[in-house]
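Below is one structure, written out as structure tokens; comments come after it.
None of the figures in this text is laboratory data; all of them are computed from the coordinates on show. This structure is a prediction, so every number in the text was calculated from the model and none was measured. Here the Cβ is made from the backbone with ideal geometry for all residues, glycine too, and neighbour counts use every protein chain on show.
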Amino acid sequence: MTLESDKNLGGVGALLIVLSPIAMAGTGILAIVGLILLLISLKGMARHFKERRIIDNALYGVVLAVVGVVISLVVIMVTAIAALSRYGVDFLRPMDWVRMGQIFSRMANFGEMWSLFGGIAAAIVVLFVFLIVAVIYFRRTLVTLAAKTDVQLFSTAGLIMLVGAVLTIVVIGLLLVWISFILLTVAFFSIKAK
């Protein structure tokens, strides 16, 4: 592939990620397809610029994000199953699923739900830490791209993405991450094919 096709793939991939929260149906599919196109583009850019760090750091970031999500989901599921099993719920018996309403009304006591809240809080902290480290790696990719392409908007997008990831504790962080992908889209389309 040529640099022109790699930059177009990257721009389209970043644009799909930007559009994924706006589109009501299939938002996850758009983001996944966008991420795949972005990674294919970064692999081509790494080959074109003979700079392996471009794709390596991006892959480290994606793998860390996926690992963080999986670990968080496992922690939440184990915590929920443990909390419900204390109330005698056997997940292999369908009749116990019918009684779930009664069990949730008994769990309304905050003291009894403390372990469930603790597990969910632990999962959120694990996810937050993994995502911050993942964005640090992805930012390294963008800084390297900025140096190789002379498009400083890559570096700016990486910085805004990092600040947004740190601020995801408050809602504005998600907006900043979204804005960083808009800048990333513009940066890809700003590359001059030599």
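Note on residue 22 and residue 59: the extension gain reaches 10.7 nm, defined as 0.36 nm multiplied by sequence separation minus the Cα-Cα distance.
What separates the Cα centres of the range 2-65 and the range 159-194 is a distance of 13 Å. Modelled this way, with points 7 Å down the Cα-to-C-beta line, the labels at residue 172 and residue 147 are 3.1 nm from one another. For the pair residue 4 and residue 73, what calculated FRET efficiency results from E = 1/(1 + (r/R0)^6), where r is the Cβ-Cβ distance and R0 = 30 Å, to the nearest 0.05? According to the calculation, E is roughly 0.15.
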